[in-house]
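Trainee: What follows is a single structure, and I will ask about it in a moment.
The values are calculated or read from the model by the stated rules, or taken from the named source; none is laboratory data. Here the structure is a predicted model, which means the values were calculated and not measured. Note that each Cβ is placed from the backbone with ideal geometry, even for glycine, and that neighbours are counted across all protein chains shown.
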Amino acid sequence: MYMRNLNEYFMKESKIFSLLLLVGLTLTIAVAGCGGQKKESNDTQPLVVERQYAKLAGASEWDNAEFAVDVPVKGPQPLLDSIKSFLNKELFHAFQEYAIDTVLYKAEEVYTDDMTHLLDSYVDKYADRIKKDLCWFFNINMFVIAQTESFVTYGLECYHGSGSTGSEFLCYSFDKKDGHRIENIIKRKDVMRFFQDSSDVEYSFSQSQIEADGIECDCDFPDVGLTEEGLLIIDQDYGNHYAVGLLKYKEVLPYLSKEACKLVKNMGKSTFDCFVGDRIGFVKASDGRTIVLTETPNRLTWSANELPIPNIWESDPNTKLHAFYVTKDKYEPANVINGKSVIESNGDEILCSNPKNSVFAFDASNNNLYIPLPENVMMGVHNCNDRYNVWHFDGKEFVLKGEDGGFWLHPSLRKFGRLRYLGESEDFLVRIDEMRIYDDRYDEQSEASKTDNCRYRYAAWKNNKDMLAVPDLVIENGCWDETGNCYVFENNGYRYVIFCESGQLEVFHNGKSIFSQCMIYRFIN
């Protein structure tokens, strides 16, 4: 595989994967939208989704696969059935046709009706094969990008690569009334007609994509989706990646199909806030109600520019924590965290060592909620990585207890300024914390920072044990060597060095190297 020209290889693989997605889409339509008479619903409740996440290791430490899926938990039944079929189809193709390129199962052997454990069911079946065969990395993200009273739109994003990278993006819009996928949104010839009629609109979509079948082509334009604000249109040929544009309905509505026009005119208000997020925990209130805590990761949002297109997406920098009262029929905001139901992380560079890879964390054994600290009075512009305010649930609400490190750390390691390095080698898990932090905006503290260079702590666990275990080695008063771009720790005649640039752990004794291993860092700051 690696003997081929990588650019040529990934361009070829990108086309193959796009074809596979379209094949999966065709099958999805057959199952979800064509099974006899459509069942319509007068149920107007919004679709509520929770995010499921999984990360799988591949054939080497550099290769991995990540999946994130917005899974429906409540909503009109025809829509739930249709999206369940859609997610099963796409996950089946992502795992079987793309991740391992080997037919292991038939579709009916993999599909599941259990939406609560949808992603886990696929991971359980394919994890061993992916670990053995996967020799590159890829990310699959299936997420709700729009919801109104008449339609729901899912996005499917794939990012992949090894020596080169590529990405694709597809849209799937569903009618909320009967759940069917809306195929005919706009035809290729009408996209061309729109741009011809709108001579003042600049666009950078590849001519090959729009004109592939000629301006008179009566086929549907595939790379579009309905949103609250306008028609989402995607350029799949933006280098090795894609670009996204938004055409406002007031301009493009006359060019849409009758079905799409009807849905747009009846879309009512946006119900996008019914995204629930990644569930991080739950508690029972003293009145018997269940409070679910979820985290909404960085969501893709539209930039302020309207046109020209493409209109590149931007990330919402603040991950949010949500608290919901959950009843049989609905989710309701629970104002139980400092009088609020939504808390923002207050920073775009907060990183942590939480094994669950979430910004917020919940300790179910003690009913403690961990909310990250972006900074404190002694830190100035520094981010407070892996430090938290701890809130305890007293039966009615969360009450602030104080500041601490994560509950997944051994108690002896929870007092520090901020996390600076976290990495693992074949034999060791290594963590480096900065114990004291100075605000370089002030001359006095800036000078103190230079004289107090030996303020780092080294902790290591053999055989990559959990950080909650007693560390096998702790060394205080380590230094940062700016010239060598490395952390240096002295211990009973031995010198431990973490080279950040080369990713190497090396141990010296009497000036000679006696041990060296490559480190794969999870976190470096």
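Trainee: Exactly one condition in (1) modelled with pLDDT of 90 or more; (2) over 22 Å from G503 (Cβ atoms); (3) surrounded by 14 or more Cβ atoms within 10 Å (Cβ to Cβ); (4) not β-branched (V, I, T) is false for W461; which is it?
Mentor: Only one criterion in (1) modelled with pLDDT of 90 or more; (2) over 22 Å from G503 (Cβ atoms); (3) surrounded by 14 or more Cβ atoms within 10 Å (Cβ to Cβ); (4) not β-branched (V, I, T) is unmet by W461, namely (2).
Trainee: Checking L413 against (1) modelled with pLDDT of 95 or more; (2) within 28 Å of the chain's Cα centre (by Cα); (3) surrounded by 14 or more Cβ atoms within 10 Å (Cβ to Cβ): exactly one of these is not met. Which one?
Mentor: If we test L413 against (1) modelled with pLDDT of 95 or more; (2) within 28 Å of the chain's Cα centre (by Cα); (3) surrounded by 14 or more Cβ atoms within 10 Å (Cβ to Cβ), just (2) comes out false.
Yes/no per residue for (1) at pLDDT below 95; (2) touching a helix residue (DSSP H, G or I) at 6+ places or on another chain (Cβ under 6 Å):
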position: E424; (1), (2): yes, no
position: F428; (1), (2): yes, no
position: M435; (1), (2): yes, no
position: D440; (1), (2): yes, yes
position: D472; (1), (2): no, no
position: N510; (1), (2): yes, no
position: I520; (1), (2): yes, no
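Trainee: Something else about it: Of a type in the set (V, I, T), farther than 15 Å from N491 by Cβ and either surrounded by 13 or more Cβ atoms within 10 Å (Cβ to Cβ) or free of Cβ contacts under 8 Å to residues at least 60 places away in the same chain (or both), is that true of I475?
Mentor: It is false that I475 is of a type in the set (V, I, T), farther than 15 Å from N491 by Cβ and either surrounded by 13 or more Cβ atoms within 10 Å (Cβ to Cβ) or free of Cβ contacts under 8 Å to residues at least 60 places away in the same chain (or both).
To keep it simple, each residue is scored yes or no on (1) out of contact with any Cys (no Cβ under 7 Å at 6 or more places or on another chain); (2) at pLDDT below 65; (3) in a strand (DSSP E or B); (4) of a type in the set (S, T, Y).
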{"residue": "S173", "(1), (2), (3), (4)": "yes, no, yes, yes"}
{"residue": "K177", "(1), (2), (3), (4)": "yes, no, no, no"}
{"residue": "Q209", "(1), (2), (3), (4)": "yes, yes, no, no"}
{"residue": "D213", "(1), (2), (3), (4)": "no, yes, no, no"}
{"residue": "L232", "(1), (2), (3), (4)": "no, no, yes, no"}
{"residue": "Y242", "(1), (2), (3), (4)": "yes, no, yes, yes"}
